[in-house]
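We did not get these values from a lab; they are worked out from the coordinates using the rules stated. What you see is a predicted model, and the numbers here were worked out from it, not measured in a lab. In this analysis, Cβ positions are derived from the backbone assuming ideal geometry, glycine residues included, and neighbour counts consider all displayed protein chains.
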Amino acid sequence: MDDFFGLEGKAAIVVGGGLGIGESTSLYLARAGCDVAVVDIDAERAERVADKVRALGRKATAIVGDALDPAQAAWIIDKARADLGRLDKLVTIIGIAAFEPTLHMTQSPLRLLPCAAIRASSH
Ligand SMILES: NC(=O)c1ccc[n+]([C@@H]2O[C@H](COP(=O)([O-])OP(=O)(O)OC[C@H]3O[C@@H](n4cnc5c(N)ncnc54)[C@H](O)[C@@H]3O)[C@@H](O)[C@H]2O)c1
């Protein structure tokens with residue numbers, strides 16, 4: 001892959017990187033030349049995707065933690081930077097899916113929907 005996005009040699013952290021959109025993003029970043037810190041609450045998922053990143057020839061670290069917990073988020077960022085030697089990019093794909101009509105929602109999911117993504121990217 002050419003360096004169209006200027007990602008060659010950069011280091012990225014992907015929050016929720018162990019599955020789905022986060023896994024695909026982690027592997028795209030690796031193909032584009034990034035080292036990747038794969039963050040997930042599920043250890044097996046994080047390790048599996050980190051192995052795939054290494055198989056693409058990039059450095060990877062699997063970090064297990066809950067990015068929505070402020071105390072853990074600070075530690076996660078510090079560990080990613082320490083393990084990869086630098087940190088340039090943050091991608092977070094975690095969010096909340098509420099499967100009910102909007103007018104029937106309680107306050108709780110409505111309050112969390114915008115906050116989850118913002119909090120995860122603001123540490
Ligand atoms: N897949 C789709 O087609 C689609 C479409 C629209 C919106 N979305 C939204 O995008 C987001 C990602 O979708 P997906 O299909 O990739 O989800 P997914 O469930 O396949 O993957 C999410 C990953 O994030 C991890 N994760 C969840 N909370 C975390 C936390 N607090 N800290 C660290 N890791 C955490 C999970 O363990 C999981 O591995 C979801 O919010 C979803 O509602 C998905």
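Here are some notes:
- Considering the stretch 1-19, and only residues there that are away from the ligand (no atom under 12 Å from the Cβ) and in contact (Cβ under 8 Å) with a residue 60 or more places away in the chain, the residue that is nearest to residue 74 (Cα to Cα) turns out to be 12.
- Residue 33 being free of Cβ contacts under 8 Å to residues at least 60 places away in the same chain, surrounded by fewer than 19 Cβ atoms within 10 Å (Cβ to Cβ), of a type outside the set (S, T, N, Q) and on the phi > 0 side of the Ramachandran plot: yes
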